[in-house]
1. Report ³J(HN,Hα) in whole Hz for each residue of segment 160-173, in order, from the Karplus equation J = 6.51 cos²θ - 1.76 cosθ + 1.60 where θ = phi - 60°; Gly and Pro get x.
2. If I model a spin label as a point 7 Å beyond the Cα along the Cα-Cβ vector, how far apart are those points for A94 and K153 in nm?
3. Using a basic spin-label model with each label point 7 Å from the Cα along Cα→Cβ, how many nm lie between A185 and R29?
4. Work out from phi, with θ = phi - 60° and the Karplus expression 6.51 cos²θ - 1.76 cosθ + 1.60, the ³J(HN,Hα) of each residue of segment 52-66, listed in order in whole Hz, and give x for Gly and Pro.
5. When the helix-only estimate is applied to the chain (DSSP H runs of n ≥ 4, each -39,500 (n - 2.57), divided by the residue count), what is the mean residue ellipticity at 222 nm, nearest 500 deg cm²/dmol?
6. If a/c stays under 1.5 just call it rounded; otherwise compare a/b with b/c (prolate if a/b is bigger, oblate if not). Do that for segment 153-200, with a ≥ b ≥ c from the square roots of the Cα gyration tensor eigenvalues.
7. Starting from the eigenvalues of the Cα gyration tensor, five times each then square-rooted, give me the equivalent ellipsoid semi-axes of the chain, largest first, whole Å.
8. In degrees from 0 to 90, rounded to the nearest 10, what is the angle of the helix 118-127 Cα long axis to the longest principal axis of the chain?
Amino acid sequence: MAPLPPALIRRIQKYRLEMDVEDLQSAYRASLAGLKHSEAEIEARVRDELGLGPDDEWPHGDDADPEDPVGSVYERAGELDAQAKRGAPMVRTAFLIALFHAWERHCNTTMKTMTYVTTDVNSVLQRDGHGSSCDDVEYLQLAANCAKHGPGKSCRALFRKRPDLFPTATSETNASHSTLSIEDATLTDFFETILSITRP
């Protein structure tokens, strides 16, 4: 059997990347929906514990009574809600890292090597006509490295280029995985950057 033409191989590789990224994006959306669904579950649970119907008014607790059963139910609901809200940043960070690894696998396959540097990745993007994506891919790489490895070179470099991703850090010395903030819009932009590379 004759070898496939290089252009066809590249198209197949891009198609595989596109499928991987779309699967990741779908899993990400489902994970976020699961967290939002838990808010409705918390409300249903509180209403059930207090014997309330779906349209009943919420009763007031007695703040002066530490044993107040209504206050106890509300306090537990608040803890569950906070736990669900803490989950969203963790989910975004996990999918940020997974997205970068999907891109990294694509680069390793494309360049037939297990190691590469940013300039090699840029040459792949330039060759395929996606040179405008170089900066965004670099931000993705730095953000994933910062999230995985904590304070260090990647966090400092990302802070210099994208300080908006560290809203509580006052300088690059404070830039770390704990001050990195990946919002939904940022992760969506990263998904779109990688998907744009798969398109002609």
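1. 5, 8, 9, x, 4, 7, 10, x, 9, 8, 8, 7, 5, 5
2. Using points 7 Å along Cα→Cβ, the separation is 3.0 nm.
3. 2.0 nm
4. Computed from phi, the couplings for segment 52-66 are 9, x, x, 10, 5, 5, 6, x, 8, x, 9, 4, 7, 9, x Hz.
5. Roughly -24000 deg cm²/dmol at 222 nm, from the helical runs in the chain.
6. prolate
7. Over the Cα atoms of the chain, the ellipsoid semi-axes are 45, 22, 11 Å.
8. Once rounded, one gets 70 degrees.
Here, each number is a calculation from the coordinates, and none is a lab measurement. Bear in mind that the values here come from a model prediction, so they are computed numbers and not experimental data. Positions of Cβ are generated from backbone atoms using ideal geometry, with glycine treated the same way; all protein chains shown enter the neighbour counts.
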